[in-house]
Amino acid sequence: MTSTTPVASATSSASSAPTTAKATTAHTAASAPSASATSSVSSASWDDLVAAALLGTERRTPPVAPRPGQDTPSALLDAAALSTVRRRAGLRPAPARPGPDRAPEDPRPALPMAAHSRLALLLADRSAPGRGGSRSAPDLAELLPQWLALANHHGYRVPDALLPALLDAARARTDLRAEALTLGGPRALWLALLNPDWKFALRGAAGRASASLPEPPEATAPPDEEQRLWEEGLFAERVSLLAAARHRDPAAGLALLGGTWSTERAEDRLMFLDSLRDDLSPSDEPFLEQALSDRSRNVRATAAELLSALPGSALAARMAERTRSCVSLTTDGPTAEGPTDDGATDGGRTTDGLVSDERTAAVRTPRIAVRPPDECDSGMQRDGIVPKPPSGRGERSWWLGQLVEATPLDRWTEWFGGRGPAVIVALPVADGWQADLHAALCRAAVRQRSAEWCRALLGTPAVAPVTAGDAAPAAWRDPAKLLAALPSRERAEWVAEFIASHGLSDAFRLLGVCAVPWAEPLGRAVVDALDIARDAGSYPWSFSGIMGLAERCLDPAQADRLEALTAIPDEREGAAPGAGGYWAEAFQRLVGTLRLREAMRAELDPT
Amino acid sequence: MGARTVADMNPQGERWTAEQVLALAPDAASRTAGGKLAAHGTWSGAGAHGQAVWGLCSGSGSKPYQTVVDLNGPGYRCSCPSRKFPCKHALGLLLLWTSGEGGVPAGGEPPEWAEQWLGDRRERAGKLAAGARDGGPGPGGGTGDAAGKGGSGAAADPEAARRRAERRAERIAAGATELERRLADLLRDGLASADRAGYGAWDETAARMIDAQAPGLEARVRELAAIPSSGPGWPARLLEECALAHLLNQGFLQLDRLPEQLAATTRTRVGLTTPVAELLATEEAIRDRWLVLGRQDGTDGRLTTRRIWLRGERTHRMALLLSFSTPGQSPELALPTGLVLDADLAYYPAARPLRATIGARHGEAAGAAPPPAPPAAEGCEGSGVPEGCDVETALAAYGAALGEDPWLDGWPVVLADVVPVPGDDGWQLADGRSGSALPVDPRCAGRTDLWRLMAISGGGPVTVFGECGHRGFSPITTWDPTPVSLIGTAAQGGTR
């Protein structure tokens, strides 16, 4: 604080100054009962006193008159004391700076008291050092994501007092951001605008999160205001605005973007384009089609990717046409087993649709013949095909993969005589193209979110290979992504069956995509598998990943079943020494967390 | 010191809130650990009856820890080896109890191990109360042993006590004289030399003040030592503090020429304290319904000091309670903000009395055990927003207080209807109607959760309790409308 303004303009005009002086003189007067000394003291300016003090009274004589017998430094200190107390007592308020606008109203209900305390604890745990003090106590930070999701499900708003801690948590953990900002609502965005530490909240995710509120703040902005903000706002504000506008009215949002598109910088164009992804609709096609001619390669690639996710788009049709010229169904050539095909119906097979007769198909064992493209022409490149393969891959197979990935999957059924996905996946592929083709089909199934194709590509869990090496079917390079496209019920059943057949060691990623809490029979399968692992005599930390997941994802109703496993069993022959005790501890922790989650759920339940 | 009397006060009779329990924690780590232990599966044989809560906590060992809490005080006992106090088990048990979900069923008798400790505790409390009733000023009751360091063993005669006090006053006077010399030298050579001499030059002076048994002077010297490195404008600040130290030295050296109240203030400022027992015996007890306005813990590395501010409903007087503990432990005084306390308060003598100690508490009868209420959503009683004043009045209150105690750095006030305004060169609390504002003390930047205040305000007016001083306003509590502490965990983290 500078000498001039501790609080504000430090005038000694305040009414309280005389009383102060009285108190101060009570002291100075104790050593100097002379009124004249006091008055000469008070006339010296503070700056003069400081200047003299800084240089020393030997070098500069201060503007004070020492009493008889008093040395100059003491006289200076007397004067300084009087001046200090007088200025402090006479402080005046500063002029108020303009404050921020009022935060928008948030009509959502407040959290119940217990849930409020719980959130405070969960947020406090995040910042606490030395986690995991007790091996049998739950890790609260890991429960934060589902607490947030549950609170949002009930439509609560965050207590204002916890908003800064929530924003700090979301700043540190990107996985919390969407839910945290939804819970924070309009006030979170209002607050984030004031503190640069929280500018992440103003990026796209914020717009989407707040757009799902009953009354997003952006929705209240009049069109003129919106247009002005779009044209003059900061980048973060614009991304947020676009996302909100798109969510409300895709066409209007696109119009906003189209208006300034040609003047945007390339990296901004890429970000804006990417933000169209969530609310993509066929009406976006003309705009995207135009973006295929963009100056920036990344913008072109993103436009092509978005177009290929629109099955009815012209780009998808062009891709399908290219793919069609690369694949065909044949019945000639050697078959693996069974009688040789008679070949008589070769011409009619693809048109009359009779091949859905399985017996016929089995007898003839048709194969998929693949002839990958010879070149990557300019048309393909314009449609987003990357001509240069990564090192180690042949360019023709690289092009083929991209074509298949962007081809609408239902065309395959059309081309292959009405065969369903499962049948097509089961077809042999000639000349060793199976791995490439199936990998591309997997990517297409994930991109187009086709449950039917994902299911077909995944196959039956019991026979699924456990290792995901090169020899494994293409689906097994990334089964979790395929699983994610299935309905949650089916996902749980598939993974449960997989665990029952193969145990837990390869189940981690699969469990990660299952809906929380794990539906039956999945929860039961996991508990059984853990029980088996314990009986087999291994240590629990070999399963720490699964255990952690189970804590977060098991249905709390499993706690009662697990209670029986928390007892320390007698040490058996062949078991790892002490393993029984460690397992009991691990199960205790699991049960403790499940009960805690049940309590969290109950606290949030408004009924 | 002051804590002992408070530890035996009556409790507030209802089930506590989680905030109240968490406020008992000695540090952030304990808070977290306690929160984790507040789960059903962790506890067995838990129960609550009257003022006692108990339970068995399964830890890493084979034998569960026995944890028992006496809400009267509160007091804690746990068989765990932790040196934290209260330990995480006690906190976890209380948290589970506050949640009111049947994890700690009410009624039932405490088990033997718990009853034994509770019984011992009751007995001790009874003895102490009896002692206070007929003991009057208690042992060492003269002005002697002014340092207030327990003094239980000093049952010496008043004459010896008087001699001791005289000796101490002489030593302090010698210290003050030496400090005067040091200040005069500094002013003669110029403050610029203080910058060059650095910290070490003051260290020796501070040590001399310790020898002189003048902790108040020692603290001032340490402050002086820190000023040259405190940024632009330091010479003016150094001159201010030198001048106030000089004022204090002169005041003490001529103590008998000062009015009685001002002399008391001067004595307190150099570090002479009045024993609590003497205070309660000699000072007038002021009974009121005291609203707890806020709390702040601070530490100098050796001692944790807890400050709790109160305001009387009837008298409108401010009061400050202090409680001390060693690091790792929580000061015993644990009055939750928002509580209204019907009690007698005795102020320490001063020209501008502020620091006080609690005497008898009224209201619920001692030891009475109202049945635990269902988890109360409204929190503790008196959760309403207190009345406050405007910016102008707050500054005037500080100015007026300064008129009586020139060494005051700040005065507690409740500000009403102010809007927090962040800014690059510091925060403000702005009064929208008058267009005037109080700057927030720049030292708050790292230790006060100003963003929490901002979030609660939403850009609108709020009520804020804090200290108004020459450096600006230091916010401590706001209301939303339940009291919310603005003393951030960051501050506590910084002390570790």
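Below are the figures for this structure:
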read-out	value
For region A:247-266 versus region A:173-195, the gap between their alpha-carbon centres in whole angstrom	24 Å
Length added when fully stretched, B:Val385-B:Thr305, from 0.36 nm per residue minus Cα-Cα	26.2 nm
Assigned charges on the beta-carbon of Lys, Arg, Asp, Glu; region B:276-361 dipole about Cα centre (debye)	260 debye
Residues B:Trp113, A:Trp494 arranged by fewest to most Cβ contacts within 10 Å	B:Trp113, A:Trp494
For peptides B:457-467, B:385-395, A:590-600, sequence by mean Cβ density within 10 Å, most packed first	A:590-600, B:457-467, B:385-395
Length released on extending from A:Arg248 to A:Asp560, taking residue separation times 0.36 nm less the Cα-Cα span	107.7 nm
Förster radius 60 Å - calculated FRET efficiency between A:Ala65 and B:Thr315, Cβ distance, rounded to 0.05	0.85
Whole-number percent relative contact order across region A:142-313, with pairs defined as alpha carbons under 8 Å at least 6 apart	14 percent
Inter-probe distance in nm under a simple model that places probes 7 Å from Cα toward Cβ, at A:Arg509 and A:Lys199	3.6 nm
Backbone HN-Hα couplings from phi across region B:410-424 [Karplus 6.51/-1.76/1.60, Hz, Gly and Pro as x]	x, 9, x, 9, 9, 8, 10, 6, 10, 10, x, 10, x, x, 5
Label-point separation in nm, A:Ser262 to A:Ala314, each point 7 Å along Cα→Cβ	1.9 nm
Subset of A:Lys199/B:Lys84; A:Lys388/A:Lys481; A:Lys481/B:Lys88 violating a 31 Å alpha-carbon distance limit	A:Lys199/B:Lys84; A:Lys481/B:Lys88
Ordering of B:157-167, A:513-523, A:185-195 by packing [mean C-beta count within 10 Å, highest first]	A:185-195, A:513-523, B:157-167
Kirkwood hydrodynamic radius (C-alpha pairs) into Stokes-Einstein, region A:487-607, 20 °C and 1.002 mPa s, D in µm²/s	145 µm²/s
Extension reserve of the B:Ser193-B:Ala281 stretch, reckoned as 0.36 nm per residue once the Cα distance is removed	26.7 nm
In order through region A:579-593: 3J(HN,Hα) via Karplus (6.51 cos²θ - 1.76 cosθ + 1.60), integer Hz, x for Gly, Pro	4, x, x, 5, 5, 4, 5, 4, 5, 4, 5, 4, 4, x, 5
Integer Hz, Karplus 6.51/-1.76/1.60 couplings in order for region B:230-238, x for Gly and Pro	9, x, x, x, 4, x, 5, 5, 5
Other-chain or far-sequence residues with amide H under 5 Å of A:Leu91's (modelled H)	none
Total formal charge among the other residues, if their Cβ is under 9 angstrom from that of A:Asp197, Lys/Arg +1 and Asp/Glu -1	+1
Ranking of A:Glu225, B:Glu19, B:Glu178 by count of other Cβ atoms within 10 Å, fewest first	A:Glu225, B:Glu178, B:Glu19
Exposure proxy ranking, count of Cβ atoms within 10 Å, fewest first, for A:Val423, A:Val158, B:Val292	A:Val423, B:Val292, A:Val158
Amide H within-cut-off set for B:Leu71, under 5 Å, with H built and near neighbours excluded	B:Ala52, B:Val53
Amide H contacts of B:Trp479 (H built 1.01 Å from N, under 5 Å, at least 5 apart or other chain)	B:Thr463, B:Val484
A:Asp48-A:Ser538 pseudo-label distance in nm [points 7 Å out on the Cα-to-Cβ vector]	8.8 nm
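The numbers here are math on the coordinates, done by the rules we state, and not lab data. Just so you know, these numbers come straight off a predicted model, no measurement behind them. When we count neighbours, we look across all protein chains shown, and the Cβ atoms used for this are built from the backbone with ideal geometry, even at glycine.
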